[in-house]
1. Just to be sure I understand, how many residues within the stretch 59-69 are open to solvent by less than 50 Å² (accessible area, probe 1.4 Å) and modelled with pLDDT under 90?
2. Out of 144, 134, I need the residue that is within 23 Å of residue 104 (Cα to Cα), modelled with pLDDT of 90 or more and aromatic (Phe, Trp, Tyr). Which one?
3. Take residue 170 and tell me if it is open to solvent by 10 Å² or more (accessible area, probe 1.4 Å) and either β-branched (Val, Ile, Thr) or at pLDDT 90 or above (or both).
4. Quick one: would you say residue 184 is over 19 Å from residue 69 (Cβ atoms) and in a helix (DSSP H, G or I)?
5. Looking at the stretch 103-132 only, could you name the residues that are free of Cβ contacts under 8 Å to residues at least 40 places away in the same chain, outside any loop (DSSP other than H, G, I, E, B), within 26 Å of residue 90 (Cα to Cα) and of a type in the set (Lys, Arg)?
6. Which of the residues belonging to the stretch 21-57 are closer than 30 Å to residue 203 by Cβ, among the polar types (S, T, N, Q) and surrounded by fewer than 17 Cβ atoms within 10 Å (Cβ to Cβ)?
7. Answer with yes or no whether residue 142 is of a type in the set (Gly, Ala, Ser) and surrounded by 14 or more Cβ atoms within 10 Å (Cβ to Cβ).
8. Being in contact with a helix residue (DSSP H, G or I) (Cβ under 6 Å, 6 or more places away or on another chain) and in a loop (DSSP other than H, G, I, E, B) is the filter; apply it to the stretch 1-20 and report the residue that is most open to solvent (accessible area, probe 1.4 Å).
Amino acid sequence: PEIRKIINNVPIYAFYHPDVPAAEAMQIYETGDVATYFWDEQIIVINPFSKELQGSPNMLQLVFYEELAHAVDLQLDFRTAGDMFKGKPSKLSDVFGPELQKLFTPVADLEKMGYDRPGDAEYIKYMRDPKELYAKLRTLKAYYEKKYGEKAFNPDGTIKKDFLEKGFDDPTEAGFLLDFFDIKKVDDLKKVIDQLVKVDKKMSKGSKMA
């Protein structure tokens with residue numbers, strides 16, 4: 001399936017919708033998450049009562065971006081037109097995830113940011129997952145494209161470093177997306193985003209989808 005087809009067809013339900021299995025509905029209600037993409041059912045389930053939505057006008061939009069990124073990443077197998085992945089079917093999270101793990105914010109810094117509550121250690125471990133880091137990178141790129149457009153990107157599509165730095169300096173900018181990327185490695189983060197831009201261009205020019 002093509003990317004646009006996946007995005008257009010993935011069902012999005014509130015957790016209390018009758019088409020949401022009971023176990024998934026209970027999971028998202030009890031965790032208080034804003035939204036989750038469930039791979040087995042291939043649906044996005046949202047919790048409109050999540051406390052995370054309070055006082056954060058961008059949160060719902062950002063979470064939707066992230067869950068759609070998960071849906072595309074997990075449903076789409078492809079072979080590139082070139083040799084970027086050596087002709088093998090691959091998930092982009094498999095390609096970019098390991099690089100993003102190297103840019104993960106040190107635990108000591110996360111604790112200073114407030115990730116020192118009971119259960120946060122497990123959450124930090126969860127966030128190291130390549131699929132989670134990749135989805136957040138995708139969301140960050142989409143957020144800057146929608147909010148700033150050409151102001152955030154160079155003519156060749158690469159992201160401007162000062163916009164990334166602005167995000168790190170402003171806690172209201174891009175919300176939780178930058179928490180898990182080390183501010184000291186903003187140059188490396190830019191390089192990964194720019195690599196993703198190149199992949200997107202290659203895919204849009206005739207990559208073979210499986």
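1. Narrowing the stretch 59-69 to residues open to solvent by less than 50 Å² (accessible area, probe 1.4 Å): 59, 62-63, 66-69.
So of that shortlist, the ones also modelled with pLDDT under 90 come out as 59, 62-63.
The total comes to 3.
2. Numbers: 144 fails: modelled with pLDDT of 90 or more.
When all the criteria are applied, what remains is 134.
3. On the way: open to solvent by 10 Å² or more (accessible area, probe 1.4 Å): yes; either β-branched (Val, Ile, Thr) or at pLDDT 90 or above (or both): no.
When the stated conditions are applied, residue 170 does not pass them.
4. Numbers: over 19 Å from residue 69 (Cβ atoms): yes; in a helix (DSSP H, G or I): yes.
Yes.
5. Across the stretch 103-132, the qualifying residue is only 125.
6. The answer is 42, and nothing else.
7. Working: of a type in the set (Gly, Ala, Ser): yes; surrounded by 14 or more Cβ atoms within 10 Å (Cβ to Cβ): yes.
Considered against the rule, which asks whether it is of a type in the set (Gly, Ala, Ser) and surrounded by 14 or more Cβ atoms within 10 Å (Cβ to Cβ), residue 142 comes out as yes.
8. First, the residues of the stretch 1-20 that are in contact with a helix residue (DSSP H, G or I) (Cβ under 6 Å, 6 or more places away or on another chain): 3, 6-7, 10, 15.
Within this subset, residues satisfying the condition of being in a loop (DSSP other than H, G, I, E, B) are 10, 15.
Details: 10: 14, 15: 30 Å².
Per the criteria, the residue is 15.
The values are calculated or read from the model by the stated rules, or taken from the named source; none is laboratory data. Bear in mind the structure is a predicted one, so any value in this text is a computation, not a measurement. Note that we place each Cβ from the backbone using ideal geometry, even for glycine, and neighbour counts take in every protein chain shown. With ligands, DNA and RNA removed, areas are computed over all heavy atoms of the protein, side chains included. Shrake-Rupley method; radii C 1.70, N 1.55, O 1.52, S 1.80 Å.
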